[in-house]
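Reviewing the structure listed below.
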Amino acid sequence: MAETLRVNPIQCTGHGVCAELLPELVTLDEWGYPVIDPRAVPPDLDRDARRAVSACPALALKLMKSEVPARSGSASSGGTNPRTPR
């Protein structure tokens, strides 16, 4: 079973540590809040993802079990951000 990164938008305070430690899966929006790649964390980035979760000063980043298959190739900017109006 794969794992995906999830951010709690209420807890997140926009420090940007996650994007610094894991730029392959996390980008920042125009306000400095994370936009997380919704696909599963690939095995080669598992250690970096766990480091980003541990380093989050607001404890807003989590690794969750998922049925989503692991991604391959480079990260896209197709993540979702609940703070962005649609």
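Worth pointing out:
- Region 62-78: number of residues that are at pLDDT below 60 and surrounded by 11 or more Cβ atoms within 10 Å (Cβ to Cβ): 5
- Per-region count, region 27-43, residues of a type in the set (A, V, I, L, M, F, W, C) and in contact (Cβ under 8 Å) with a residue 40 or more places away in the chain: 3
- Scanning region 11-61 for residues that are farther than 23 Å from MET1 by Cα, of a type in the set (Gly, Ala, Ser) and at pLDDT 95 or above gives GLY14, GLY16, ALA19, ALA55, ALA58.
- Output for region 33-43, where each listed residue is closer than 15 Å to GLN11 by Cβ, open to solvent by less than 40 Å² (accessible area, probe 1.4 Å) and not β-branched (Val, Ile, Thr): PRO34
- Taken over region 13-32, the criterion of being under 13 Å from LEU59 (Cα atoms) and buried (at least 20 other Cβ atoms within 10 Å of the Cβ) is satisfied by CYS18 alone.
- Scanning region 44-61 for residues that are open to solvent by 50 Å² or more (accessible area, probe 1.4 Å) and either small (Gly, Ala, Ser) or free of Cβ contacts under 8 Å to residues at least 24 places away in the same chain (or both) returns ASP44, ARG47, ARG50, SER54.
The values are calculated or read from the model by the stated rules, or taken from the named source; none is laboratory data. Just so you know, these numbers come straight off a predicted model, no measurement behind them. Heads up, the Cβs are rebuilt from the backbone with ideal geometry, glycines too, and the neighbour counts pull from every protein chain shown. To get the accessible areas, we keep the full protein, side chains included, count just its heavy atoms, and leave off ligands, DNA and RNA. Shrake-Rupley method; radii C 1.70, N 1.55, O 1.52, S 1.80 Å.
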